[in-house]
1. Given a 10 angstrom Cα cut-off, can you work out which residue in 76, 49, 121 is the most mobile in a GNM of the chain?
2. What full-extension length gain, to one decimal in nm, is calculated for residue 89 and residue 64 as 0.36 nm per residue of separation minus the Cα-Cα distance?
3. Can you put 50, 16 in order of Cβ neighbours within 10 angstrom, beginning with the fewest?
4. What does the extension gain come out to for residue 105 and residue 125, with contour length at 0.36 nm per residue minus their alpha carbon separation?
5. Of (i) 22; (ii) 10; (iii) 39, which one was derived for percent of Cα pairs over 27 Å apart from the structure shown?
6. Please figure out what share of the DSSP beta bridges in the stretch 7-132 is antiparallel and state it in percent, rounded to the nearest 5.
7. How would you rank 104, 31, going from fewest to most other Cβ atoms within 10 Å of each one's own Cβ?
8. Any idea what the relative contact order of the chain is, in percent, if you count C-alpha pairs under 8 Å spaced at least 6 apart?
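Just so it is clear, none of the values below were taken in a lab; they were calculated from the coordinates. Since the model is a prediction, treat every value here as computed from it, not as a measurement. Note that we place each Cβ from the backbone using ideal geometry, even for glycine, and neighbour counts take in every protein chain shown.
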């Protein structure tokens, strides 16, 4: 029996107004959140920072709170994806050696019009629900 090592990934929800930044790698039809796959002994934040530095030229990150962590317990392809909510300073200029395209997309249109990983949809849906929630009532 083979034991497959869990793949650890970090991705970012980068917002600008009502839009989210999506990326597409060369020779791929799928869109995803920007980020990267962890190297051995690399933490989630380090993976994200390295991944974004590889995908974009001169990108400056503002903050890095962890939002969600998703687990895929598959025996063949176990994955752990950590999603961060980030702001950026300046423009997100794609590195042509790593990305085919980067696009700001209206967050309400992503599920209908873009083929993105399930973790991205789950995170964006959860983020929307968190923002739509009423603030807690003070009872004391």
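1. With Cα springs under 10 Å in the chain, the top fluctuation among 76, 49, 121 is at 76.
2. Contour length minus the Cα-Cα distance gives 7.7 nm.
3. 16, 50
4. So the chain would gain 5.7 nm between residue 105 and residue 125.
5. Entry (i).
6. In the stretch 7-132, DSSP labels about 75 percent of beta bridges as antiparallel.
7. The fewest-first ordering by Cβ neighbours comes to 104, 31.
8. The value is 31 percent.
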